Amino acid sequence: MRNHPSMNAALALVGLVALSVSSSADFTAAQVRELLATSASQPAKLAGKDLSDLDLSNIDFKGADLSGANLFGSRLVAANLAGAKLTRANLNGAWLMGADFAGADLSGSSMLSLVILGGEVKEKPNFAGANLSGVRMIADLPGANISGANLSGARLGVDIKNQGMGQMRTDLSGAKLAGADLHGADLNRAVLTFADLKGANLSGATLFGVNLSGADLTGADVTGADFTEADVDGTIFRNVKGLPSAKGMDKANNRDKALF
């Protein structure tokens, strides 16, 4: 029986949808698990591999080379790395759009020049509750959910020795960092405009030259934090802890416009 034109159109649409959700990954999730299991004696080499749209939750990637790997999720399917163990992994230049890292352990990993924007997917990766302690990260993550994450000792600031000032700044403008642990973190020259830092632990953090315009630090702990040359125009400091011991507040820009 000959199909009606409208039926042909419907079938074509179904085909397009199926194509959009089908995985173009180089491996299945099961194959990734098997590869990692057989690479126990040395870090797995997954550099440049396409692992998009896979359920990789709770997998142990410890020390794996994932540089340039495609870890993003499509509009309809999220690349699931929730609870995954990525300690000391190399994620430099990895594609992370739409990926879910909620509760993942990324401690000590290298996450330089991450690819967050571009392509068909614009969604930021989700790092809520993740362990990002000691990471080295340079990324554009405006509006990202990093609430409750552990960023203690993380290095998200500009490395003056290896790059010129103003280049490759971490952008966390409008990011959700409520309740995050940032104690001892290096955030020098990062962009945190209108970021939600309510209740965050910023004790001992390096905030030199950070743009905190409009950021909300209500209830945050800033004991020993360094605000030298930070822009605090419209920054909310209500009920913050340790403000008297914070450093460089007298050298912060637009201090008269901050809300105490």
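The values are calculated or read from the model by the stated rules, or taken from the named source; none is laboratory data. Here the structure is a predicted model, which is why all the values come from computation and not from measurement. Cβ atoms come from the backbone with ideal geometry, glycine included; neighbour counts cover every protein chain shown. What goes into the accessible areas is simple: the full protein's heavy atoms, side chains included, and nothing from ligands, DNA or RNA. Shrake-Rupley method; radii C 1.70, N 1.55, O 1.52, S 1.80 Å.
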Open item on the list: Looking at the structure I just gave you, is Ser113 touching a residue at least 24 places away in the same chain (Cβ under 8 Å), among the polar types (S, T, N, Q), assigned to a loop (DSSP other than H, G, I, E, B) and surrounded by fewer than 17 Cβ atoms within 10 Å (Cβ to Cβ)?
Closed with: yes
Task: In segment 232-260, residue surrounded by the most Cβ atoms within 10 Å (Cβ to Cβ) [restricted to those that are in contact with a Leu (Cβ under 6 Å, 6 or more places away or on another chain) and within 14 Å of Leu207 (Cα to Cα)] - done: Thr235
- [ ] Scan segment 65-110 residue by residue and report those that are assigned to a strand (DSSP E or B) and closer than 14 Å to Ala44 by Cβ.
- [x] Asp65, Lys85, Asn90
Open item on the list: Among the residues of segment 209-228, what is the count of those that are within 22 Å of Gly143 (Cα to Cα), open to solvent by 10 Å² or more (accessible area, probe 1.4 Å) and in a loop (DSSP other than H, G, I, E, B)?
Closed with: 5
Task: Flag if Asn150 is under 14 Å from the mean Cα position of the chain (by Cα) and open to solvent by 40 Å² or more (accessible area, probe 1.4 Å) - done: yes
- [ ] Please work out if Phe27 is within 13 Å of the chain's Cα centre (by Cα) and either modelled with pLDDT under 95 or not in a loop (DSSP other than H, G, I, E, B) (or both).
- [x] no
